[in-house]
Ligand code: URA
């Protein structure tokens, strides 16, 4: 069956749909030996030979992993500066899994890794409003008013953030532990949100995607996700079709 090339590449686990577009633009994808030059191009994986950098695109089994990323690991598969990368923690997995979104070098916690570009796309696309929950240890003691600003939405780089859920977990003399849930994924968003109310983030950990939490998973360890785990990520039933999740 003919499908859009971006979709085929995403299904094959080559990249997310957006990254697939970049591969196409860079002239790295060929169909039956011809470089693909148009973005809307379709192909039939059963009939056409699709290659990326000259290597055939093969359809492999889909796999979903929840990693507890430790601080100091870069959210990528390879780092030109030679720093530790999250892929180093998945060497026991025989498939090439890529991270869904990113956590900063210093941020710890829940990081989904998969070779399913469609699922990655659904998690990253703002339309699906997948909640991401973080525990942020911030300097000082933010007032209720300041936290209410974060809940309502605050201007960051000229754009107002979407409403967030904010809960104080612990107030101490010099810092405060706060749980914050957002469904956007702008670069360094949580750190910037607290910076905007003049409270620096001292430590940041993502604890959950939707209702899929880290549980007792130790830093540096991963667990393979089941279809039921995947369903917990998407809380808004109307926004998600489970066609890609195996039963
Ligand atoms: N927000 C941040 O500031 N950093 C992360 O790593 C994730 C969300």
Give the shape of region 3-56 as rounded, prolate or oblate, defined through the alpha-carbon gyration tensor: a ≥ b ≥ c are the square roots of its eigenvalues, a/c under 1.5 means rounded, and otherwise the shape is prolate if a/b is larger than b/c and oblate if not.
-> rounded
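Give me the mean projected area, in nm² to one decimal, of the convex hull enclosing the Cα positions of the chain. Before the final figure, lay out each step's value.
On the way: hull surface 60.3 nm².
With every direction weighted equally, the projected area is 15.1 nm².
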In a GNM of the chain with a 10 Å cut-off on Cα contacts, which of 82, 117, 101 has the highest mean-square fluctuation?
-> 82
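Could you sort the peptides 26-39, 207-220 by per-residue average Cβ neighbour count (10 Å cutoff), highest mean leading? Display every interim value, and only then the final one.
Working: 26-39: 12.8, 207-220: 16.3.
Ranking, from highest mean packing down: 207-220, 26-39.
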Which residue, 119, 225, 97, has the most motion in a Gaussian network model of the chain that connects Cα atoms within less than 10 Å?
-> 225
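Over the chain, what relative contact order in percent results from Cα pairs under 8 Å that are six or more residues apart? Intermediate results must be reported in sequence, preceding the final value.
On the way: 479 pairs, mean separation 49.6, N = 247.
It rounds to 20 percent for the chain.
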Tell me the Kirkwood hydrodynamic radius of region 131-209 in angstroms, computed as one over the mean inverse distance between distinct C-alpha pairs.
-> 12.3
Residue with peak Gaussian network fluctuation, the chain [Cα springs, cutoff 10 Å], from 142, 84, 94 | 94
At the level of C-alpha centres, the distance separating region 93-127 and region 181-228, in angstrom, is 12
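Rounded, prolate or oblate: pick one for region 19-122, where a ≥ b ≥ c are the square roots of the eigenvalues of its C-alpha gyration tensor, a/c under 1.5 means rounded, and failing that, prolate if a/b is larger than b/c, else oblate. Present the calculation step by step, with values, prior to reporting the outcome.
Details: a/c = 2.35, a/b = 1.98, b/c = 1.19.
Prolate is the answer for region 19-122, as a/c is 1.5 or above and a/b outweighs b/c.
Below 8 Å between Cα atoms, with a sequence gap of 6+, how large is the relative contact order for region 113-193 in percent?
Working: 112 pairs, mean separation 27.4, N = 81.
Dividing the mean separation by the residue count of region 113-193 yields 34 percent.
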So for region 75-130, using the alpha carbon gyration tensor with a ≥ b ≥ c as root eigenvalues (a/c under 1.5 gives rounded; past that, a/b versus b/c decides prolate or oblate), I'd call it oblate
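Rule-based calculations on the coordinates, nothing more; no lab input. Everything numeric here is computed off the predicted structure, so don't read it as measured data. Virtual Cβ from ideal backbone geometry, glycine too; neighbours counted across all protein chains shown.
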